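What follows is a short report on a single structure.
The values are calculated or read from the model by the stated rules, or taken from the named source; none is laboratory data. From a predicted model like this one, the values you see are computed outputs, not experimental measurements. Counting neighbours? That spans all protein chains shown, and the Cβs are built from the backbone with ideal geometry, glycine included. Note: areas computed on protein heavy atoms with side chains; ligands, DNA, RNA excluded. Shrake-Rupley method; radii C 1.70, N 1.55, O 1.52, S 1.80 Å.
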Amino acid sequence: MKLYRPLSIAACAVTIAVTSSCSLEEENLSGVSTKKEWSTASGFEKKINDCYFDLVRIVYGQAEDTYLMVAEGGTDIWQDANPDGTNGNWSKLMRYEDFSSANGMLNEGYAGFYAILNSCNAAITSSERVKGLSQDRIDALVAEARFIRAHALFNIVEQWGGKYLPLHPTDSPISSPSCSKVNDFYEVILDDLRFAMENLPVNQEVRGHVTRAAAYHLYAKACLTYSTYTDGLGYADALSESDSRKLLEEAGKAAGYLIDNAQSLGVRFYADVNEVFDENNNKTNEEALFVVTHSSINAYNPRGNYYNRAWKHAEAYNANTSGIFLDGMVASYATEVNGFDVPKLAKGNCYMEPSKYMLDLYADKDMRYKAFFKDTYYVNKATSDDGTAYTWSTTDAKRYNLAEGRVGNPAFNITLGDTAVHISRKTVSQADRDRCRYAIVNIADNYADPARPLKFFPSLKKGDCPSLYAGTNANKPYSSSDNIIYRLGETYLLAAEIDWRLGRPNATRVNELRNRACENHDHSLDVTAGDIDADFLLDEYAREMIGEWGRWMTLKRFRAFESRIAKANPQITRFDGKVHYLRPIPDAEILLIANPAEYQNPGY
């Protein structure tokens with residue numbers, strides 16, 4: 001697996017050149033100096049576009065997509081899909097076993113966010129010299145750069161703590177980077193977001209360019225997160241209870257304003273949970289606040305014909321006989337075989353699977369399970385003599401622990417396009433499993449040993465859009481689907497958490513989320529204010545937000561790794577609260593600086 005080497009702070013002088021030379025938007029064939037080019041109206045707008053470049057190229061889609069694992073892995077709701085923990089750095093990240101600065105999973109996020117930061121700093125600094133644009137237009141463009149800078153800094157400080165904090169483009173090597181306090185990071189983050197809330201447009205002509213609604217959301221989330229540093233975690237000065245409360249009040253105002261004014265801010269809370277990740281809404285999602293876009297047109301993608309693959313990591317089907325596999329299932333983009341309609345089937349990575357605790361969080365009437373997870377697979381390859389169906393083989397029957405009487409028996413043939421494998425939440429008896437033509441796998445059986453789950457699990461389908469699969473090889477698929485980074489559903493949860501932290505728990509926002517997910521929307525999933533505590537909120541974040549780039553930081557915000565891992569993920573046995581609330585600075589950075597011991601996080 002090829003990983004990006006971090007764009008080291010020590011080599012940060014070349015960061016602008018790296019991002020510029022790769023970007024189609026930034027190509028300069030005029031012979032005019034770069035700084036002079038950026039001072040023109042067209043050049044400055046191109047420079048703003050460059051702020052988005054590494055969001056797409058490195059962090060959210062077009063590299064190896066390791067940041068999804070960093071953002072979600074090593075938590076209560078995700079487990080290593082390799083029961084032996086031998087999937088290299090992927091397993092180490094998921095389990096905190098032999099987890100060190102040498103782990104390459106950290107490279108893309110660290111490299112990407114610092115590259116994004118440098119591009120944003122260059123754009124913000126350049127704004128002072130721009131000619132030919134009105135001040136309002138300049139402010140609107142700068143607001144985009146400042147939002148993206150705040151987003152990058154937010155991810156850096158929460159994952160890696162108080163580290164190097166440049167606010168101007170770096171044009172010379174930094175051999176001994178200094179560490180800034182967590183407080184310093186948040187001072188910049190919140191100031192940038194205040195500017196963004198005032199100056200971003202409500203709508204943008206280009207999808208993916210940030211709007212005002214996103215700024216309100218991230219401001220609420222950042223204020224809320226910063227308010228938890230009353231314990232001085234990491235390299236932070238502990239906040240007073242008074243300062244923490246002021247931040248929570250600010251967070252509540254921003255979240256409340258966004259929810260109450262969603263329509264005028266250009267977003268919509270979907271009435272039915274099935275709409276939220278319906279693939280037909282992927283390119284026009286009205287609940288999305290901030291998206292990283294990918295295109296079916298290669299020229300629009302930084303890496304050409306190699307784009308979004310983040311959705312693959314939680315896909316159970318990967319043509320591996322230790323998991324969901326059948327001779328009648330093959331990775332294929334075909335939608336018709338021998339006159340029968342069949343669904344597309346792409347080979348996933350099978351790196352991460354939901355914990356049993358995670359799956360048990362959904363009540364029977366909670367439609368989020370069906371809306372967010374894929375539990376059924378279909379025959380798309382005929383093995384029968386007449387070319388219309390799959391005929392059971394001995395190997396397949398043994399894999400699913402089914403009676404041999406089905407082997408070669410036409411009474412058990414499965415017609416092309418019909419169900420091949422179903423993952424059942426309700427335990428089905430062996431007799432009923434043997435009577436069924438297709439394979440039924442009980443979720444309970446997959447997690448019989450909760451520390452060593454098998455590979456027969458429901459696949460997360462958020463972002464998995466078969467109609468947007470790309471390339472010609474379904475065994476090495478990618479997609480032009482967009483990645484939703486922030487959405488309005490999370491704002492409702494932030495509002496509920498803020499009220500709880502302020503000592504005034506309120507179930508209103510939570511119940512709006514739960515009722516839209518409730519079968520028949522009859523309010524039977526509603527809760528009361530008395531039900532809301534830390535564990536309830538963490539459960540509700542899991543139900544609503546699994547796989548959406550935030551679980552690790554959510555557990556950190558609640559200081560809940562120890563309690564939640566003990567409750568939900570017996571696979572993790574080596575979490576150390578004195579070490580693992582921060583990620584290690586990657587070796588690719590540490591080996592290039594003169595003060596590695598000072599710059600590395602404690603315990604690594």
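Values for this structure:
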{"item": "Those residues of segment 516-536 which are of a type in the set (A, V, I, L, M), closer than 17 Å to Gly489 by Cα and either part of a helix (DSSP H, G or I) or open to solvent by 60 Å² or more (accessible area, probe 1.4 Å) (or both), in sequence order", "result": "Ala517"}
{"item": "Total residues in segment 412-436, condition under 30 Å from the mean Cα position of the chain (by Cα) and not small (Gly, Ala, Ser)", "result": "6"}
{"item": "Any hit, segment 507-515, residues being open to solvent by less than 50 Å² (accessible area, probe 1.4 Å) and of a type in the set (Asp, Glu)", "result": "no"}
{"item": "Test: residue in segment 376-383 that is open to solvent by 50 Å² or more (accessible area, probe 1.4 Å), touching a strand residue (DSSP E or B) at 6+ places or on another chain (Cβ under 6 Å) and within 15 Å of Val330 (Cβ to Cβ)", "result": "yes"}
{"item": "Members of segment 444-468 found to be at pLDDT 95 or above and closer than 30 Å to Ala288 by Cβ, listed by number", "result": "Phe457, Pro458, Ser459, Leu460, Lys461, Lys462, Asp464, Cys465, Pro466, Ser467, Leu468"}
{"item": "Pairs, first farther than 20 Å from Ala71 by Cβ in segment 108-122, second among the aliphatic types (A, V, I, L, M) and not in a helix (DSSP H, G or I), C-beta under 7 Å, six or more apart", "result": "Asn121/Leu167"}
{"item": "Output for segment 554-604, where each listed residue is surrounded by fewer than 18 Cβ atoms within 10 Å (Cβ to Cβ) and in a helix (DSSP H, G or I)", "result": "Glu562, Ser563, Ala566, Lys567, Pro596, Ala597, Glu598"}
{"item": "Condition met for Asn285 (open to solvent by 50 Å² or more (accessible area, probe 1.4 Å), out of contact with any Pro (no Cβ under 8 Å at 6 or more places or on another chain) and not aromatic (Phe, Trp, Tyr))", "result": "no"}
{"item": "Residue check, Tyr317 at pLDDT below 95, farther than 20 Å from Trp549 by Cα and assigned to a loop (DSSP other than H, G, I, E, B)", "result": "no"}
{"item": "Elements of type helices (runs of 4 or more DSSP H) in segment 352-430, at least 1 residues being polar (S, T, N, Q) and over 29 Å from Glu548 (Cβ atoms)", "result": "394-399"}
{"item": "Pairs where the first residue, in segment 396-408, is of a type in the set (Val, Ile, Thr) and the second is in a helix (DSSP H, G or I), C-beta under 9 Å, 6+ apart", "result": "Val407/Thr394; Val407/Asp396; Val407/Ala397"}
{"item": "Among the residues listed as Ser264, Ser296, the single one being assigned to a loop (DSSP other than H, G, I, E, B) and either closer than 30 Å to Val379 by Cβ or of a type in the set (D, E, K, R) (or both)", "result": "Ser296"}
{"item": "Residues of segment 45-76 satisfying the condition of being open to solvent by less than 10 Å² (accessible area, probe 1.4 Å), assigned to a helix (DSSP H, G or I), of a type outside the set (Val, Ile, Thr) and within 14 Å of Pro302 (Cβ to Cβ)", "result": "Asp50, Cys51, Asp54, Leu55"}
{"item": "Members of segment 305-347 found to be surrounded by fewer than 16 Cβ atoms within 10 Å (Cβ to Cβ) and within 13 Å of Lys455 (Cβ to Cβ), listed by number", "result": "Asn320, Thr321, Ser322"}
{"item": "Selection count where residues are in a helix (DSSP H, G or I), open to solvent by 40 Å² or more (accessible area, probe 1.4 Å) and either in contact with a strand residue (DSSP E or B) (Cβ under 6 Å, 6 or more places away or on another chain) or among the acidic types (Asp, Glu) (or both), scope segment 210-239", "result": "1"}
{"item": "First in segment 449-460 and closer than 17 Å to Tyr377 by Cα, second anywhere and of a type in the set (Ser, Thr, Tyr) and surrounded by fewer than 23 Cβ atoms within 10 Å (Cβ to Cβ), Cβ under 6 Å, 6 or more apart", "result": "Lys455/Ser322"}
{"item": "Boolean, Glu198 is over 23 Å from the mean Cα position of the chain (by Cα) and free of Cβ contacts under 8 Å to residues at least 40 places away in the same chain", "result": "no"}
{"item": "Positions within segment 427-465 being surrounded by fewer than 16 Cβ atoms within 10 Å (Cβ to Cβ) and in contact with an Asp or Glu (Cβ under 9 Å, 6 or more places away or on another chain), in sequence order", "result": "Thr427, Arg452"}
